[in-house]
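Enquirer: Attaching a single structure in structure tokens format; questions to follow.
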Amino acid sequence: MAIPKRVRVVEVGPRDGLQNEPTLVPAADKVAFIDRLTAAGLPFIEATSFVSPRWVPQLADAALVYPAIQKKPGVIYSVLVPNLVGLQRALDAGAQHIAVFTAASETFNQHNINASVDESLVRIGAVVAAARERGIPVRGYVSTSFGCPYEGAVKASAVADVAARLFELGLTDIALGDTHGGANPTLVTEVLDAVLKRVPLETLGVHFHDTHGRALANVYVALTYGIATVDASAGGLGGCPYAPGASGNLATEDLLVMLHEMGIETGVDLSHVLEACFWMETVLGRRLTSRHLQVARAQRL
Ligand code: HMG
Ligand code: MG
């Protein structure tokens, strides 16, 4: 399979990145961050989540953030939704695109959404049906696709089962989540071999956390399968509050540098992403640690 000539970068920093920040980021700063990411030309931005504010207090302001974003035509501004309560809140805020999530392992799912995998797929079925009635497109995540922070190894066949069930619900944008950053290139091969027997290539994306610095190697393997949707988070922000030890997502700037130097187009302007990261450092009061940001910082001095 030829490596894609163009990759769609899904920016998850405002949601996956910020959800793990211990200090509350003001809603206006979240909006300004998203507007900067829009200016960078990112085609798809996961802006916030309408999960329970008790479970993720950092994103309790989703109903303030989403409507205030300056929406650029053609850009997808998605929001994460766990259930019908979340969907209603998202619709009330004006959301036009949502993402649902479940996992390939039971223990993580219980910790993350207080439901078994089967229960969560029933919930997702109801959310997808209600979204479809309103013409709202839905993305789906399969968390713990490359291992579980509680159970360890996860069978590739279990990942394929869950991905296939999301596909049967009509989802055509399914991201395989490396929730705690446990993937490695061999494991990516095993999982993709299993999933691609059940789900068409063009529906699949990859979502790696970079806990052990292997995310780019994992992306490369996914590219060799022809996968052309890759999630990343500006500055490498992030982690899941319910996946102990998980670090941030693959940094958007690290991904862009690799893809662009490989001759793969993204339509995203690296310098604007860097500006968004340096600005976010001033909001958070600390340095972000992605590899390319260190290079860019040194070059700015
Ligand atoms: P629960 O406590 O079982 O909820 O939580 P419940 O249905 O029993 O309801 C309890 C109360 O919460 C009720 O209110 C509900 O109305 C309310 P009360 O009657 O007590 O006043 N409630 C809500 N309020 C606001 N928004 C809602 C909502 N739902 C119920 N949506 C629940 C179940 C799913 C809600 C909870 O577990 C939850 O919100 N979990 C989300 C955790 C989370 O956000 N994790 C991080 C995102 S996933 C991730 O990061 C992985 C990913 O990046 C991919 C990867 O890396 O693998 C996507
Ligand atoms: Mg994630």
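The values are calculated or read from the model by the stated rules, or taken from the named source; none is laboratory data. The structure displayed is predicted, hence computed values, not measured ones. As a convention, Cβ positions derive from the backbone with ideal geometry for all residues, glycine included, and neighbour counts pool all protein chains shown. For accessibility, only protein heavy atoms count, side chains too; no ligands or nucleic acids. Shrake-Rupley method; radii C 1.70, N 1.55, O 1.52, S 1.80 Å.
Enquirer: Can you name the residue in the stretch 258-269 that is acidic (D, E) and touching a residue at least 24 places away in the same chain (Cβ under 8 Å) and is also surrounded by the fewest Cβ atoms within 10 Å (Cβ to Cβ) among such residues?
Expert: Checked the stretch 258-269; the qualifying residue surrounded by the fewest Cβ atoms within 10 Å (Cβ to Cβ) is E265.
Enquirer: Just give me the residues in the stretch 173-201 being within 16 Å of ligand 2 (Cβ to nearest atom) and among the charged types (D, E, K, R), in sequence order.
Expert: D173, D178
Enquirer: Next question. Are there any helices (runs of 4 or more DSSP H) wholly within the stretch 27-138 with 2 or more residues that are in contact (Cβ under 8 Å) with a residue 24 or more places away in the chain and within 30 Å of L255 (Cα to Cα), and if so which?
Expert: Here the list reads 27-39, 62-68, 106-113.
Enquirer: Right, here's the next one. Return a yes/no flag: does the stretch 49-71 have any residue that is buried (at least 22 other Cβ atoms within 10 Å of the Cβ), more than 10 Å from ligand 1 (Cβ to nearest atom) and charged (D, E, K, R).
Expert: For the stretch 49-71, residues buried (at least 22 other Cβ atoms within 10 Å of the Cβ), more than 10 Å from ligand 1 (Cβ to nearest atom) and charged (D, E, K, R): absent.
Enquirer: Something else now. From the residues in the stretch 231-257 that are modelled with pLDDT under 80 and away from ligand 1 (no atom under 12 Å from the Cβ), which one is most open to solvent (accessible area, probe 1.4 Å)?
Expert: Looking at residues that are modelled with pLDDT under 80 and away from ligand 1 (no atom under 12 Å from the Cβ), I get P244.
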